[in-house]
There are 2 protein chains.
Amino acid sequence: MVPQRRRTAGEAVKAIKYDRKLASIIDHTLLKTDARKKDFDRLCEEAKQYRFQSVCVFSGDVEYVAGKLKGTRVIPIAVVGFPHGQMTPVAKAFEAHDAITRRGAQEIDMVINVSALKSKHYSLVLDDIQQVVRACEGKTVKVIIETALLTTVEKICACCLAKAAGARYIKTSTGKEEGGATVEDVRLIREVVGEELLIKASGGIKTREFAYELIRAGANRIGTSSSVALVTGGSGKGGY
Amino acid sequence: MVPQRRRTAGEAVKAIKYDRKLASIIDHTLLKTDARKKDFDRLCEEAKQYRFQSVCVFSGDVEYVAGKLKGTRVIPIAVVGFPHGQMTPVAKAFEAHDAITRRGAQEIDMVINVSALKSKHYSLVLDDIQQVVRACEGKTVKVIIETALLTTVEKICACCLAKAAGARYIKTSTGKEEGGATVEDVRLIREVVGEELLIKASGGIKTREFAYELIRAGANRIGTSSSVALVTGGSGKGGY
């Protein structure tokens, strides 16, 4: 046995092996009602350490994390109308506009009005997204369609309306309903929106293998609270 | 043999047996490049005689038929952007506005921009329909989606966008492509738009039986050039 020199703390951090490519498309997410400042501190530290794309939090928490992330490349994202989406379009747009213009959010993940979609009130679903897109003044808007609650026809309609309204991403799920991202849904969304729009897969993504499957199916961004485990654990075989 | 008194001309007309209920939802259609005045005269005469819902003609012919139909309950309909739909939204809206405000059209059957739909340029498809709806100042707009050219996803998107844009009807076909109305498409359209929007089945409807099938599947209006044959011929068994 060859005796090994003990690493310094600095060397230990540098030596961490993790999937940098995967990390670069992960929205590191914390959406818990009982989260504390220290939880957000840790979220931001991890995001900086693993170079995640962003941190994703409630609009009421985005100002705090935006402060923590100042001077880094990590993007602060605020969810809006989360998780039920059934506020009025003006209220949802106000929440988005406030987050973007006064709280440091650089992207918005909004939830559609699922109830209006199910009532086939498509003009309201459209107007709701359009108002948020306008309120975000050119910043990226992701439209959460909550796939777990929708029929195939409803998923297609939601994607079509989101694209017509000028959204940049379709996002599968809030993560608050049973059933999150699936490979089939990512494929269906891609079929509806084409190559121009981007897809964020989210909800129940707890392993690296599953993240890769979703990426191969067409996902461009991964939303998860298991980010550190995803980029450090698992075999990651196959890549993307 | 009992000798029969010969009918007078007036009695003969009154004695015609035809399916009045079916006639009342038929758009009696003439969309031929080489149609002459006498063809439109006959179209209008038949529409009055059989009490069809309307006559449906090119926007350039609607003023003439509107004159012929004055004082009757038969509605003059103009098709717009027919049959390819690939003019600009402003041009399509202008054609519709002119037909409604100056040529006596009471309803507009517009063709969507199929090419834009296939390119997943949903905002253009939406804007195109919205502009026509606005130009028609509250009059009924039917949106022809040309089902024969579309995939299932495209049919769903077209219906969803047409409803979001404020159309009153989805219309299946121009009748100029191979493949017109089908029972399956009428059912699919109904699934997408719900009960509020109406459906006009058109294209290749040449028998009364087929018309009934479409009506049972959810069609509210029938567009055909075989109107007289439809209401006078066939067994019509089953009804609707």
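Here, each number is a calculation from the coordinates, and none is a lab measurement. All figures in this text were calculated on a predicted structure; none of them were measured in a lab. Every residue, glycine as well, gets a Cβ built from its backbone with ideal geometry; the counts of neighbours run over all protein chains shown.
Points to keep in mind about this one:
- Each copy carries B:ARG102; placing its label point 7 Å along the C-beta direction from Cα gives inter-copy distances of 5.1 nm, listed from smallest up.
- Calculated mean residue ellipticity, 222 nm, chain B: -12500 deg cm²/dmol, from DSSP H runs (n ≥ 4) at -39500 (n - 2.57) each, averaged per residue and rounded to 500.
- Among the residues of B:159-169, the average count of other protein chain beta-carbon atoms within 10 Å of the residue beta-carbon is 5.
- An ellipsoid equivalent to the range A:170-221, defined through the eigenvalues of its Cα gyration tensor, has semi-axes of 17, 12, 8 Å when rounded to whole angstrom and sorted largest first.
- Paired Rg and Dmax values of chain B, which use every Cα atom, in angstrom: 18.4, 72
- Mean partner shielding of peptide A:116-125, defined as the number of other chain Cβ atoms within 10 Å of each residue Cβ, is 4.
- Inter-label distance, nm, simple model (7 Å from Cα along the C-beta direction), A:GLU209/B:LYS37: 8.0
- Computed from Cα atoms, the angle from the helix B:89-102 axis to the main principal axis of chain B rounds to 40 degrees.
- Take B:44-57, A:155-168 and order them by the average number of nearby Cβ atoms within 10 Å per residue, most first; the result is A:155-168, B:44-57.
- With 0.36 nm allotted per residue and the present C-alpha distance subtracted, the B:SER24-B:GLN86 stretch has 19.1 nm of extension available.
- Debye log10 I(q)/I(0) at q = 0.26 Å⁻¹ for the range B:43-82, Cα point scatterers: -0.80
- Ellipsoid fit via the Cα gyration tensor, the protein assembly as shown: semi-axes of 60, 21, 17 Å, each the root of five times an eigenvalue, largest first.
- Placing +1 on the Cβ of every Lys and Arg and -1 on the Cβ of every Asp and Glu, with no other charges, gives the range A:17-132 a dipole of roughly 440 debye about its Cα centre.
- In degrees, nearest ten, helix A:152-164 long axis to first principal axis of chain A (Cα): 90
- Degrees separating the helix A:208-217 axis from the principal Cα axis of chain A, which is the longest one: 40
- Net charge dipole, the range B:148-188: roughly 260 debye, given to the nearest 20, about the Cα centre with Cβ charges of +1 for Lys and Arg and -1 for Asp and Glu.
- Listed residue (B:ALA162, B:LEU197, A:LEU214) projecting farthest to the positive dipole end of the protein assembly as shown, Cβ model: A:LEU214
- Placing a label point 7 Å from Cα along the Cα-to-Cβ axis, A:THR33 is separated from the same position in the other copies by 6.8 nm, shortest listed first.
- Two-decimal Rg to Rh for the range B:83-196 - Kirkwood Rh, Cα set: 0.94
- Spin-label pair B:SER119/A:LYS70, simplified geometry with 7 Å Cα→Cβ offset, distance in nm: 4.5
- Charges were assigned to the Cβ only: +1 to each Lys and Arg, -1 to each Asp and Glu. The resulting dipole of chain B about its Cα centre is roughly 1100 debye.
- The mean number of partner chain beta-carbon atoms within 10 angstrom of a residue's beta-carbon across peptide A:188-196 is 2.
- Calculated SAXS-style log₁₀ I(q)/I(0) at q = 0.21, 0.23 Å⁻¹ - the range A:143-240, Debye, Cα scatterers: -0.99, -1.15
- Local charge for B:LYS171 was computed over the other residues whose Cβ lies under 14 Å away, with Lys and Arg +1 and Asp and Glu -1, and equals +2.
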